[in-house]
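Bear in mind that the values in this text are calculations on the coordinates, not laboratory data. Values in this document were obtained by computation on a predicted structure and should not be read as measured data. Please note: Cβ atoms are built from the backbone with ideal geometry, for glycine as well, and neighbour counts cover all protein chains shown.
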Amino acid sequence: MLALYWNGRRLLRKRTYPRPSLAPDTALVRVRLAGICATDLQIFKGYMGFRGVPGHEFVGEVEEGPAGPWWESGW
């Protein structure tokens with residue numbers, strides 16, 4: 001998977017980021033659009049000592065997950 005990864009000092013482009021494993025009742029979402037908010041900008045300045053993939057505001061499609069009429073119906 002392709003990802004942008006914050007290592008605490010700079011943003012790195014990872015071409016082989018590991019695919020997340022799914023816990024029960026969770027879904028894998030293929031992200032189509034992602035946003036960077038003010039909190040993400042503060043993280044880049046050292047807030048909370050975060051390391052990982054920034055961006056929690058996104059639009060995507062459920063790629064894999066448990067059966068569930070609430071997301072299979074298309075709402």
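Listing for the model above:
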item	result
Chain lengthening between LYS45 and SER21 when straightened (0.36 nm per residue, less Cα-Cα)	5.7 nm
Ellipticity estimate at 222 nm from DSSP helix runs (n ≥ 4, -39,500 (n - 2.57)) divided over the chain, nearest 500	-2500 deg cm²/dmol
Where labels lie 7 Å past Cα in the beta-carbon direction, separation of LEU28 and LEU4 in nm	2.3 nm
Total formal charge among the other residues, if their Cβ is under 11 angstrom from that of LEU22, Lys/Arg +1 and Asp/Glu -1	-2
Label corresponding to percent of Cα pairs over 14 Å apart when calculated from the structure given, among (1) 61; (2) 68; (3) 57	(2)
